[in-house]
Structure formats: C-alpha cells, structure tokens
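Asker: Sharing a structure with you now.
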Amino acid sequence: MAALPLQLFNTEHFRSRAEEAGLVAAGRSTLAESNAALDAAFSAGEPAGELIHGRARAIDGLLRELWSRVDWGPAPLALVAVGGYGRGELHPHSDIDLLVLHDDDATVPEVAVERFVTLLWDLGLSLGHSVRSVAECTRRAGEDITILTNLLEARLIAGEDALLAELRERTGTAHMWSARAFLEAKHAEQASRHEKFADTEYNLEPNVKSSPGGLRDLQLIGWLARRHFGWSSVEELAENGLLTEEEAQILLRGREFLWQVRYALHTLAGREEDRLLFDHQRALARQWGFTDDEKLAVEKFMQVYYRWALAIAQLNELVLQTFDQAILRTASEDEVEVIDDNFEIRNGYIAARRPALFSERPGALLEVFLLAGSHPAIKGIAAPTIRLIREHRHLVDDDFRADPANRARFLAILRSPHRMTRQLRRMARYGILGKYLPAFGRVVGQMQHDLFHTYTVDAHTLQVVENMRRFLRPESDERFPVTGRVARRLPKIELLYIAGLYHDIGKGRGGDHSELGAVDAEVFCRDHGLSRRDTELVSWLVRNHLLMSAVSQRKDISDPDVIQQFARHVGSQERLDYLFTLTVADITGTNPTLWNAWRGSLLRQLYAEAKRALRRGLENPVEKGEWIEETRRAAMELLEYRGFTEDELAALWSERGEDYFLRERAEDIAWHTEAIAGHHDREQPLVLVRNTVESSVANTTQLFIYARSDKGTFPRICAELEQLDLSIHDARVYNGSDGMSLDTFYVLDSSGAPLDEEAGRLKHIGEHLSRALADEARGVAIVQRHMPRQMRSFSLPTETSMTTDETKGVTILEVMSPDRPGLLARIGEVFVRYGVVLQAAKIQTLGERVEDVFFITDDAQRPLTDPARCRDIQEAICRELDGQQAA
C-alpha cells in the first residue's frame, strides 16, 4: 500500500509555532490541520487503514514533543500507548489510551503528570490514561484478562524502553495466563460478547466493533497469535500456515472494509460511534455509490456489510479451532474414531481422512453434514476440513446439483432426526447451502430495511426451519401447545422444511416473492423426485404462507362467512395443519417481539374454526342465524344458573344486534349481561376488566365498557389506555337503539406481555377508565411521548384504503402507517370530525409500523358511499398522522 502522500506532523514546524503562539495553540492548530488533511484524504478515497495509522503516527509525534517539554525529574518513566492506540490505530474520534509507567521504587512526579495530562485535555484530545508501576500493572494483568490484553499491544511512545521490556517479561506466559488459560478466557469473553448481540452477524443495527463478525473478532485472532506465537501481523499467520494466502487476503480486505465503515461512522456522527444506526446506513449507502432499484440502496450496502461480517466470523471460528488444536492439545492427546474410508472423528470433530477427498468425491461435501447430524458424538467440523470445504465449494455446480446421489443426500439431511438445523446452519456458514440452492445464495446477507424483520432473509429462513424443529420437542408445548401437537402429526415433516426454505427465497427480485418462491419450490421438488401431490403441497404452502396470518389479523374471524371462505381456499385438513405450523414458525422467526398471546389466540381460533368447517364439509356451511342462535342458547343456559329468566334475558338483549351474538362468546355475553342487569345508573359508565385464559383469547385482558353512546368515546378510551401503557389489539363497538353503547377491547401491556393481575393493575385500569369516561368535560388526552429513535428513522407516509362490504353493511378502512404515540386516538378524532361510527377495529403492530383495519358506517349504520367524503376522511387521517410525524 502506498504511503499517505502528506505529512501530518512536522516537528520543526510545531516547535516554531509553539514559540510564537504557545504549546496549546500550536497543538490545537496542528491537530486541526492533520484532521482536515485526513478527512480530505478519506473523502478522496484513501484507504481507511492508512489513515488510522497515519493519525496514530501524528499523535505519536505530538506526544513525544509535549513529553519532552515536561520536567519529569530523575525517576525513570515511560509513556506507553495501549489498547487500539497501542496497535497504531486511531479512528477520528477514538480514545487515546495512555499508560505512564514508572519503576516500582520510584516516586511519581505527580505535579508533572498532572501538567502533562492537563495539557492533553487542553488540546481537546479524547484521553484515557493511567499512572502505574511495573509491579501494579503486573498484579492487575494477572487478575484481569482485559488489562493483560491491553498491555499485550503496548507500544513505547517516549521515555525508558527498559520499563516496558520489564513489564513484558513479567506478564509473559511463563508468569501468568498460560497460552491455554489465555485462549480459554478470551474464547469465553467472545462468547459473552456475541451473546449480547443475539449471537448473530445479522443485527438490524450492528456494532462494527463488537458484533459477531466485527473488528473485535479480528483482533482476537491477533491477540492469540501474539500471545502464543509472538506473531504480530496477518502475513505472519499466513507464512506459518495458520491461514492460507486466500484466507489472509479475506481477513485483510475484510478488516479494511470494517475500518472504512468505522471511519465513516465517526466522521458522520462527529464523535466515537461504532453502531451502524439506520440513518447512518442510508448515508453510507450513498457514500458507497449504491442507488435504489428493485432493492433499496441501503439494503445493497448492508448486504455487502453482512457478507463481510459472515466471512470474518467464519475465519474467526476456523482460527480459534486451529488454536484450540495447537494450544490445548498435543498429537499424543488426539482421540480418533474412524467412521469409514473418508471420515473420522478427531477430538469430537468430524474430519476428512485425506486432503484430496472432496476433489475425488465431490458428493462428500454433502455427506460430511449428513454424518455430522447422524453421530451424537460429533460436536462440529474440524478446522482443516472446514478449510477443505471452503476450498472445494466451487465443485457444487450444475452437474453436482443434477446428480441423483447428491439430491438424495440433501433430502436425507432434511429428514435427519437429529440436529438437522445445525447442519443447515453449518452448510450456510461454509457456503455450501448457497451453492446447492442458488436462490438461497442470492439472499445471503439480504436485509429488509424495516423494524419488522429482525433478521436478514437467509438468517430468518434458517430460524423458521429451526422453529419447526423446536415444535417437535415436548419442551415447546408450554409456549406452543397447539402447534406442537399439529406439527408432530404431520405425515412428512421434510415437506414443511422445504416450504420453510423457500417461503421467502423470492425476496429482492421484484414482484411477488410468494409467487416467485412457489415456482422455485416446485422446481426443487420436481428435481428431487417428490411426488406430484407432495410437490403441489409445498408449492401451495409457499404461495400462501402469508394467508393465515393475514386472515386472522385483518378479517373478522367470528364471521362464519370468513371462516367458510378461508376453509374453502385451504381445502383439506392436511393443508391446514401444514399451513398453521408454517405460519407460527414464520411469525416467531421474523421478530421475537411479534409473537404474543393475542396473535397466538387469533391463529388458534382461525385454525379451530377452519378445522370445524372442514370436518363439517365445505358443502355444508354453517348459517349465520344458526351460529347466532347457538350462541344465545349457550349464554342463556349460563345465565339461567344465575337466576335469570328467558323473559328477562329477552328484554336485556332486545337492544343488541346480531353482530353482538355473532362476534362475542357465550361466556362473555353472560358476563356482560349480568353486569348490565346490576347497573342501574345509565348516566354513569360501567367498566369491567378481567384477564382471560380461555383458549381463544389466552392471556389477554378484556375491557368491557357500557356507557351512553357517543362518537367521542372511542378516541377517549384509546388515549386513556395509552396513558395506562396498554396496547389495543381488538376493539368491538355495539351501539344499541336505546342510546347505550357496549364496547369490548382486548389489550396487552405496551411491551406485548399479559397484565399482572396480582399487582392490582386491573383494578387500577377499571377505576381510571371509569373516572375518565364519567368526566364529560375531560377532552381526549393524547399522549405526547417522543417517538423512539429507530421509529423516527422510518418516516414512511401513511397509506389508507377504503372498500365496502355489502354483505355486512360496513365500510372497511385500512390504515398503514409508522407507529407513534396517540395514533388510535388521533384516528378516532377524525371519525368524530366526519361523523363516522366505528363498529369494530383490528389493530396490528408490526415492528415500526401498524396495519389497522376499521369497520365503519354512517349515523344510520350504513356503509359510506360518497366518494368525496371517503377521500376527505382518508386525507384527514394522513394529514393528522404524518403531520405529527413531521413535528
């Protein structure tokens, strides 16, 4: 690499300035000039590696000059760079970590040290410093692996070199932290660090320094090599056989890429910033020259980032295992078990028995994963074999994919009863899965720039398959009782895995990813010899993988017509079972926060009702009247036990319309009715709150409100519930001809968790709502909470649509918008302004956005038919929500 074509620190020039303007002024102007030169070089495309080393060299020169101007007295002292600065790396806003090292018996010139440090602060340097003796450093390094690691790269800036040499001797492996202990401690430290980032390279906003596949993973390789072998460069790793030349080049190029990203982040933020925040991602995408087309520019940039992070994580894994073999074991300690002529188990890892195995038998590139999943004693793949897999993955070509034996091996991996998903993850990590399934290879590292999708497409896909496997284990029954039972009775579980592999594989190509994926899945099934029936099932599942989620969350699943239509589309119990399992696996693999009690209850209710419809026969749909009458009879039986007569119930129910008995369960109707019968002051609202644990609405909190009918009630309730830190998931409004309104709401904590009944929270909610609704002078108290930073990064405009359901006699309004405080209350106020009557609402929050559905009418309980009025309502909602976002 060419040297940086500019001089960042000139000693004579600095001295001349210092004489004229003083040390502080000279230092500040020198730093300003060097920083400007570095930033200009970065903008001109200079490699970040040269810039961060150039900055360190400039600081070296400045510190030496300043050190020389302090009267340190007779005590031997050394100014030592440690940490990243010790490595000679300084990003624009990185801390300058310094150690003032002194002899054990020396008296530290505290006044001089204070003067020196104050001078550095006056220059505006971001400083981390300590003053310690050789003995103190030695003691602390023996106690703390992090301190030892900082000292490992210590570098003399000025002063007595003998002090640093003595410190290196005392902290060497002969005295503390043997190579074995150091490796084990750093391995544990990395595992702990990775765990903080969900152990994946694919975080939405990764940390360039600390996330898996980040700079720390590279630095760990260097620390281990330095500590055990005394090697200090990537070139030495390659020269001594720890890395191949190709791997060394990947490591060097990956490090330069991460340096470039980190340098850009510091420049953009104007401070030390290692997180690739959403706003920074978009800015960096522009810097890298990406533009929007079928994929967003930011998605293209992040795909590059994720692929580098994955490559670095692979090298980190490979090198750590090599160190494990070199440091923790000797050849005499090896435990070897021969599997066959091609593979053996060495120290718990499966290994190729000869270097030429994969070139002689390319099919072994799949066989190694099949064996790894079949032998319980195998805990991974040996580092030399990983290297061989990487070197020979180019052999997975069209001929390889067309080989019947290889196709059989891949299906056998999917049918493996043990650790199947672990093998798929290894295949993906080492590049085999993306080679065998080229469509999967195209989505490796492909992010979706929103808060809804936590993972990249490839990581999400593997998580979905892992969820499917988890459903088969009894320990999953507590969280997924229905899904587990359904999954365990699927006749061919591998068909579910194939659907999982292909359900999102069409993303990023433009067009409907479900349709594109269905075509790819059909080709895969046909090529792999699946029957026509199985092929049609898999293709249908991929094409319809969003159907069940959409129906459960956006349709009125208490309506028998909706159930009948869904059951007719599904067509059979087998398809329903597969689709249900795929849907739950997909939702829980998209974002950990998406799955909650309410979403689960909706899917279970839709599954149960569709199952009932299929059992009854699609040619025998249940009539609404029959459904309503059955509900009334069941509620009546419950109430007769509580002393009600049929005449009393007929009078109490006379004001309730058919929708009430269509949507509500008999148990809830009985609860409502008994409460209304005992409520004699209609001028005061009746508010009831209880947790429900029935199968259809498990672990949600139900609010029942009986009050004078008023269009303003809905926005007031929404505002009050948000004040109480609750999120609404379902709302139903029944306006009676007697001027009274009966409303039901299903809510969860704003975090998506069920409410704690023991803490008195339910009582507090009921009392708060009762007071708020009774106070007629109280307006809509819309919460004025700041939007979270991540949500502010996604300022997409609100979208609305209106359609008319002639059968139900309602207008369906759909609102898709970034989530923000007070959203429902603001929409409710628009309804009041335009004389809209809300009949029901289905509320769905997906990461940073909401997709809410409102069933509305006019005052006469008829659909909204005036196009101008419909347009005005939608425009008012968009203005209200987007205006708030802009503010």
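Asker: Filter the stretch 131-161 down to residues that are over 20 Å from Ala181 (Cα atoms) and within 40 Å of the chain's Cα centre (by Cα), then give me how many there are. Outline the logic, then answer.
Answerer: Just the residues of the stretch 131-161 that are over 20 Å from Ala181 (Cα atoms), to begin with: 131-136, 154-161.
Subsequent filtering for residues that are within 40 Å of the chain's Cα centre (by Cα) retains 154-155.
Number of matching residues: 2.
Asker: Turning to a different aspect of this structure: Could you run through the stretch 178-196 and say how many residues are touching a helix residue (DSSP H, G or I) at 6+ places or on another chain (Cβ under 6 Å) and either in a loop (DSSP other than H, G, I, E, B) or aromatic (Phe, Trp, Tyr) (or both)?
Answerer: Here the count works out to 1.
Asker: Residues that are modelled with pLDDT under 85 and under 24 Å from the mean Cα position of the chain (by Cα): which strands (runs of 3 or more DSSP E) entirely in the stretch 793-846 hold 1 or more of them? It would help to see each step written out before you state the result.
Answerer: On the way: elements: 799-805, 810-818, 837-842.
Counting at least 1 such residues, we get 810-818.
Asker: Moving on. Give, as residue ranges, the helices (runs of 4 or more DSSP H) completely inside the stretch 512-573 that count at least 2 residues that are surrounded by 20 or more Cβ atoms within 10 Å (Cβ to Cβ), in contact (Cβ under 8 Å) with a residue 40 or more places away in the chain and β-branched (Val, Ile, Thr). It would help to see each step written out before you state the result.
Answerer: On the way: elements: 513-527, 532-543, 547-554, 560-570.
Answer list for the stretch 512-573: 532-543, 560-570.
Asker: Under 21 Å from Leu268 (Cβ atoms) and touching a strand residue (DSSP E or B) at 6+ places or on another chain (Cβ under 6 Å), is that true of Asp95?
Answerer: Details: under 21 Å from Leu268 (Cβ atoms): yes; touching a strand residue (DSSP E or B) at 6+ places or on another chain (Cβ under 6 Å): yes.
The answer is yes for Asp95.
Asker: Answer yes or no: is there a residue in the stretch 44-54 that is over 30 Å from Trp288 (Cα atoms) and either crowded, with 17+ Cβ neighbours inside 10 Å or assigned by TED's automatic domain parsing to the domain that holds Gln249 (or both).
Answerer: Filtering the stretch 44-54 down to residues over 30 Å from Trp288 (Cα atoms) leaves none.
The answer is no, given that none of the residues of the stretch 44-54 is over 30 Å from Trp288 (Cα atoms) and either crowded, with 17+ Cβ neighbours inside 10 Å or assigned by TED's automatic domain parsing to the domain that holds Gln249 (or both).
Asker: Only one residue in Val562, Val542, Val551 is aliphatic (A, V, I, L, M), assigned by TED's automatic domain parsing to the domain that holds Leu602 and farther than 17 Å from Leu603 by Cα, so which one is that? Before you say what the answer is, go through the steps one by one.
Answerer: On the way: Val562 fails: farther than 17 Å from Leu603 by Cα; Val551 fails: farther than 17 Å from Leu603 by Cα.
Residue meeting the stated conditions: Val542.
Asker: Right, something else. Considering each residue of the stretch 338-351, count those that are surrounded by 14 or more Cβ atoms within 10 Å (Cβ to Cβ), in contact (Cβ under 8 Å) with a residue 12 or more places away in the chain, of a type outside the set (Lys, Arg) and on the phi < 0 side of the Ramachandran plot, and give that number.
Answerer: Our first condition is that a residue be surrounded by 14 or more Cβ atoms within 10 Å (Cβ to Cβ); within the stretch 338-351, this holds for 339, 342-347, 349-351.
This time we only want the ones that are in contact (Cβ under 8 Å) with a residue 12 or more places away in the chain, so: 339, 342-343, 345-347, 349-351.
Filter once more, keeping what is of a type outside the set (Lys, Arg): 339, 342-343, 345, 347, 349-351.
From what is left, the residues that are on the phi < 0 side of the Ramachandran plot are 339, 342-343, 345, 349-351.
Matching residues across the stretch 338-351 total 7.
Asker: Also: Being more than 29 Å from Gln219 (Cβ to Cβ) and touching a helix residue (DSSP H, G or I) at 6+ places or on another chain (Cβ under 7 Å) narrows it down to one of Thr322, Thr267, Thr291, so name that one. Explain how you work it out, then say what you get.
Answerer: Working: Thr322 fails: more than 29 Å from Gln219 (Cβ to Cβ); Thr267 fails: more than 29 Å from Gln219 (Cβ to Cβ).
Going through Thr322, Thr267, Thr291 in turn, just one is more than 29 Å from Gln219 (Cβ to Cβ) and touching a helix residue (DSSP H, G or I) at 6+ places or on another chain (Cβ under 7 Å): Thr291.
Asker: Output the number of the condition that His503 fails; it satisfies all remaining conditions of (1) in contact (Cβ under 8 Å) with a residue 24 or more places away in the chain; (2) surrounded by fewer than 23 Cβ atoms within 10 Å (Cβ to Cβ).
Answerer: (2)
Asker: Here is a follow-up. Only one of these is more than 28 Å from Ala550 (Cβ to Cβ) and part of a helix (DSSP H, G or I): Glu637, Glu630, Glu609. Name it.
Answerer: Details: Glu630 fails: more than 28 Å from Ala550 (Cβ to Cβ); Glu609 fails: more than 28 Å from Ala550 (Cβ to Cβ).
None of the other options fit; the residue is Glu637.
Asker: If I ask for residues that are buried (at least 18 other Cβ atoms within 10 Å of the Cβ), in a loop (DSSP other than H, G, I, E, B) and either of a type outside the set (A, V, I, L, M) or not assigned by TED's automatic domain parsing to the domain that holds Gly828 (or both), which ones from the stretch 853-876 would you list?
Answerer: Pro863
Asker: Then there is this: Which of the residues belonging to the stretch 633-655 are in contact (Cβ under 8 Å) with a residue 24 or more places away in the chain and surrounded by 19 or more Cβ atoms within 10 Å (Cβ to Cβ)?
Answerer: Within the stretch 633-655, Ala635, Leu639, Leu649 meet the criteria.
Asker: Sticking with this one: Out of all the residues in the stretch 488-511, which are closer than 26 Å to Glu294 by Cβ and in a loop (DSSP other than H, G, I, E, B)? Give the derivation first.
Answerer: Restricting attention to the stretch 488-511, the residues satisfying the condition of being closer than 26 Å to Glu294 by Cβ are 498-511.
His503, Asp504, Ile505, Gly506, Lys507, Gly508, Arg509, Gly510, Gly511 - these are the residues of the stretch 488-511 that are closer than 26 Å to Glu294 by Cβ and in a loop (DSSP other than H, G, I, E, B).
Asker: Only residues that are of a type outside the set (D, E, K, R) and part of a loop (DSSP other than H, G, I, E, B): list them for the stretch 347-376, please. Walk me through how you get there before you give the answer.
Answerer: Within the stretch 347-376, the first condition is being of a type outside the set (D, E, K, R), and the residues that meet it are 347-352, 355-359, 362-366, 368-376.
Within the stretch 347-376, Asn347, Gly348, Pro355, Ala356, Pro362, Gly363, Gly373, Ser374, His375, Pro376 meet the criteria.
Asker: Can you spot a residue in the stretch 569-578 that is at pLDDT 95 or above and closer than 26 Å to Phe854 by Cβ?
Answerer: Checking the stretch 569-578: at least one residue is at pLDDT 95 or above and closer than 26 Å to Phe854 by Cβ.
Asker: For the stretch 294-316, check the following and say yes or no: at least one residue is under 32 Å from the mean Cα position of the chain (by Cα), more than 25 Å from Met427 (Cβ to Cβ) and surrounded by fewer than 16 Cβ atoms within 10 Å (Cβ to Cβ).
Answerer: yes
Asker: Still on this structure, please answer the following. For Tyr578, all conditions in the list (1) closer than 27 Å to Ala731 by Cβ; (2) touching a residue at least 60 places away in the same chain (Cβ under 8 Å) hold save one; what is the number of the exception?
Answerer: Among (1) closer than 27 Å to Ala731 by Cβ; (2) touching a residue at least 60 places away in the same chain (Cβ under 8 Å), Tyr578 violates only (1).
Asker: Let me ask something else. Of the residues in the stretch 421-460, how many are among the small types (Gly, Ala, Ser), assigned to a helix (DSSP H, G or I) and surrounded by fewer than 22 Cβ atoms within 10 Å (Cβ to Cβ)?
Answerer: Filtering the stretch 421-460 for residues among the small types (Gly, Ala, Ser) gives 428, 431, 434, 439, 441, 445, 459.
Next, only the ones that are assigned to a helix (DSSP H, G or I) stay: 428, 434, 439, 441, 459.
Narrowing further to those that are surrounded by fewer than 22 Cβ atoms within 10 Å (Cβ to Cβ): 428, 434, 439, 441.
Counting residues in the stretch 421-460 that are among the small types (Gly, Ala, Ser), assigned to a helix (DSSP H, G or I) and surrounded by fewer than 22 Cβ atoms within 10 Å (Cβ to Cβ) gives 4.
Asker: Right, something else. If you check Val108, Val80, which single one turns out to be at pLDDT 95 or above and out of contact with any Pro (no Cβ under 6 Å at 6 or more places or on another chain)? Steps first, please.
Answerer: Values: Val108 fails: at pLDDT 95 or above.
Criteria check complete, one pass: Val80.
Asker: Another question about this same structure. Out of the residues in the stretch 740-764 meeting the condition of being among the hydroxyl-bearing types (Ser, Thr, Tyr) and not in a strand (DSSP E or B), tell me which one is surrounded by the fewest Cβ atoms within 10 Å (Cβ to Cβ). Working first, answer last.
Answerer: Step one: filter the stretch 740-764 for residues among the hydroxyl-bearing types (Ser, Thr, Tyr), giving 741, 744, 746, 750-751.
So of that shortlist, the ones also not in a strand (DSSP E or B) come out as 750-751.
Numbers: Ser750: 13, Ser751: 9.
Looking at the filtered set, the residue picked out is Ser751.
Asker: Let me ask another. Pairs please, first residue from the stretch 466-481 and more than 12 Å from Ile493 (Cα to Cα), second anywhere and of a type in the set (Gly, Ala, Ser) and at pLDDT 90 or above, Cβ atoms under 7 Å, 6+ apart in sequence or on different chains.
Answerer: Going by the 7 Å Cβ cut-off, the qualifying pairs are Asn467/Ala585; Ser476/Gly484; Asp477/Gly484.
Asker: Would the stretch 336-344 turn up any residue that is part of a helix (DSSP H, G or I) and not assigned by TED's automatic domain parsing to the domain that holds Ala459?
Answerer: From the stretch 336-344, those part of a helix (DSSP H, G or I) are none; that's our starting set.
No, that holds for no residue.
Asker: Same structure again: Over 18 Å from Ser416 (Cα atoms) and acidic (Asp, Glu), is that true of Glu494?
Answerer: no
Asker: A follow-up question, please. So which residues in the stretch 267-280 are in a helix (DSSP H, G or I) and surrounded by fewer than 18 Cβ atoms within 10 Å (Cβ to Cβ), if there are any at all?
Answerer: Here is the first cut: in the stretch 267-280, the ones in a helix (DSSP H, G or I) are 267-269, 278-280.
Leu268, Ala269, Asp279 - these are the residues of the stretch 267-280 that are in a helix (DSSP H, G or I) and surrounded by fewer than 18 Cβ atoms within 10 Å (Cβ to Cβ).
Every residue, every condition in (1) among the polar types (S, T, N, Q); (2) out of contact with any helix residue (DSSP H, G or I) (no Cβ under 9 Å at 6 or more places or on another chain); (3) surrounded by fewer than 17 Cβ atoms within 10 Å (Cβ to Cβ), yes or no:
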{"position": "Thr118", "(1), (2), (3)": "yes, yes, yes"}
{"position": "Trp121", "(1), (2), (3)": "no, yes, yes"}
{"position": "Val134", "(1), (2), (3)": "no, no, no"}
{"position": "Cys137", "(1), (2), (3)": "no, no, no"}
{"position": "Glu160", "(1), (2), (3)": "no, yes, no"}
{"position": "His175", "(1), (2), (3)": "no, no, yes"}
{"position": "Ala198", "(1), (2), (3)": "no, yes, yes"}
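Asker: Out of the stretch 808-835, which residues are closer than 18 Å to Cys718 by Cα and of a type in the set (Lys, Arg)?
Answerer: Within the stretch 808-835, Arg820, Arg826, Arg833 qualify.
Asker: Residues of the stretch 198-209 being part of a loop (DSSP other than H, G, I, E, B) and either among the acidic types (Asp, Glu) or within 15 Å of Met302 (Cβ to Cβ) (or both), which ones? Lay out the reasoning, then the answer.
Answerer: As a first pass, look at the stretch 198-209 and keep what is part of a loop (DSSP other than H, G, I, E, B): 198-206, 208-209.
Selection gives Asp199, Thr200, Glu201, Tyr202, Asn203, Leu204, Glu205, Pro206, Val208.
The values are calculated or read from the model by the stated rules, or taken from the named source; none is laboratory data. Source: prediction; values computed, not measured. When we count neighbours, we look across all protein chains shown, and the Cβ atoms used for this are built from the backbone with ideal geometry, even at glycine.
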